[in-house]
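Notes follow once the structure below has been shown.
The values are calculated or read from the model by the stated rules, or taken from the named source; none is laboratory data. The model shown is predicted, which means the values in this text are computed figures rather than measured ones. Methodologically, a virtual Cβ is constructed for each residue, glycine included, from the backbone with ideal geometry; neighbour enumeration extends over all protein chains shown. To get the accessible areas, we keep the full protein, side chains included, count just its heavy atoms, and leave off ligands, DNA and RNA. Shrake-Rupley method; radii C 1.70, N 1.55, O 1.52, S 1.80 Å.
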Amino acid sequence: MADRVYPAAKPNPPPAAANGNGAPPASFPAPKSQMYQRPIYRPQAPAKRRRSCRCSFCCCFCWALLVVILLALLAAVAGGAFYLLYRPHRPSFTVSSVRLSSLNLTSSATAPVLTDAISLTVTARNPNKKVVYLYDDFTLSAATAANALPLGSATVPGFTHAAGNTTVLTATIASNAVTVDPSASGDVKKSGVFSVVLDADTSAGVRVGSIKTNKIGIQVHCEGIKVTPPPPPPPAPKKVKGKNGTVSLAPAPAPSEADATTTKGATVSTAAHSCTVRVRVKIWRWTF
């Protein structure tokens with residue numbers, strides 16, 4: 001078997017000769033730390049001008065204010081034209097008569113109980129010639145003028161108040177065995193005159209021809225009304241025993257002049273008491 005011939009190993013290259021300064025010669029290619037890297041050019045988009053929040057708020061506020069002013073001007077022009085065409089007036093309410101028909105107040109120091117009934121007549125007038133008022137049900141309430149002690153409530157059905165029409169409303173405001181505040185019970189006098197306040201709450205709309213408006217809350221407020229409690233019942237006739245043992249009833253004493261005056265004074269408001277009409281606006285939970 002013939003012997004294999006291997007190539008001779010290459011001799012190691014001689015070491016590089018040092019340069020004149022004694023430092024080894026620089027190797028090629030140069031290391032990365034010595035290479036110059038040119039930065040990559042990336043074009044930037046032009047900067048956008050940003051409006052400040054304050055400037056945007058001012059612009060929005062100015063536009064909103066301009067819109068509100070224009071709407072106010074339009075409403076003023078429409079209201080002026082409506083007034084010139086129809087000359088609208090508020091309805092008038094007058095309390096024609098008030099009578100405190102019954103009154104009973106227990107003399108308790110902690111929880112007095114009140115039972116009363118007030119009969120009243122209210123006259124409503126529409127002074128307009130072309131304006132018709134549309135009323136919902138009226139909620140009537142009465143209270144003392146001094147400390148607003150409630151005296152009862154009642155409901156009167158609503159109605160359509162035609163132009164130039166006069167309508168008479170009758171109602172009986174009553175409370176039955178209602179516990180009242182002891183500190184305010186002194187307002188109710190069992191004898192003598194005391195003042196009461198009457199309120200009627202409802203919603204009313206306006207109709208002119210075929211045009212109707214939305215209904216808004218109104219309150220009819222009546223002050224300066226004085227009432228007199230009814231006179232006490234006459235005493236029962238006494239039993240009188242005769243000579244033969246028979247029992248007869250003695251005639252009741254005739255009412256005195258003071259009692260007759262009190263009975264006549266039970267109906268106080270023979271003269272008319274004018275009331276004021278207030279517009280009640282409700283904003284969320286509050287009513288003005």
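Charged neighbours of residue 86, selected by a Cβ distance under 10 Å, balance to +3 (K, R count +1; D, E count -1). Here region 140-194 is treated as a Stokes sphere of Kirkwood radius computed over C-alpha pairs; at 37 °C and 0.692 mPa s its diffusion coefficient rounds to 239 µm²/s. Between residue 136 and residue 56, residue separation times 0.36 nm minus the direct Cα-Cα distance comes to 24.1 nm. Heavy-atom accessible area, probed at 1.4 angstrom with all protein chains present, ranks 159, 57 as 57, 159, highest first.
Restricting attention to region 108-230, the count of lysine pairs at 8 or more positions apart or across chains with alpha carbons under 27 Å apart stands at 6. Computed from the C-beta positions of residue 113 and residue 155, the FRET efficiency with R₀ = 22 Å rounds to 0.40. Here the peptides 119-128, 144-153, 163-172 are ranked by packing, the mean other Cβ count within 10 Å, and the order with the highest first is 119-128, 144-153, 163-172.
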